[in-house]
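Asker: Have a look at this one.
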Amino acid sequence: MNQDQAKGKWDQVKGRAKKAWGELTDDDFLKAEGSMDKLYGIIHEKFGDTKEAAKAKLDKLHL
């Protein structure tokens with residue numbers, strides 16, 4: 001496992017934790033943020049893109 005994959009896994013764990021905390025506190029914004037963090041982690045793990053690069057690519061898809 002290289003550094004990008006490890007960082008991606010860590011971002012996924014943080015996203016899942018944030019989403020779970022949002023569900024416990026009934027905070028919809030935190031749940032959504034956790035889901036996005038998890039997605040960024042998956043992209044980082046698979047492709048090595050940073051969170052900013054992944055966000056830019058996803059923003060282009062929503063045109």
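Bear in mind that the values in this text are calculations on the coordinates, not laboratory data. The structure displayed is predicted, hence computed values, not measured ones. Cβ sites come from the backbone with ideal geometry, for glycine too, and all protein chains shown count toward neighbours.
Asker: For segment 18-63, give me each residue that is farther than 15 Å from residue 7 by Cβ and aliphatic (A, V, I, L, M).
Answerer: 20, 24, 30, 32, 36, 56, 58, 61, 63
Asker: Just to be sure, is residue 10 assigned to a helix (DSSP H, G or I), within 10 Å of the chain's Cα centre (by Cα) and of a type in the set (Phe, Trp, Tyr)?
Answerer: yes
Asker: Determine the pairs where a residue that is without any contact (Cβ under 8 Å) to a residue 40 or more places away in the chain, located within segment 39-51, has a partner that is outside any helix (DSSP H, G or I) and of a type in the set (D, E, K, R) with Cβ atoms under 8 Å apart, the partner being 6 or more residues away or on another chain.
Answerer: These pairs meet every condition: 43/49.
Asker: Across segment 36-54, what is the number of residues that are surrounded by 15 or more Cβ atoms within 10 Å (Cβ to Cβ) and part of a helix (DSSP H, G or I)?
Answerer: 12
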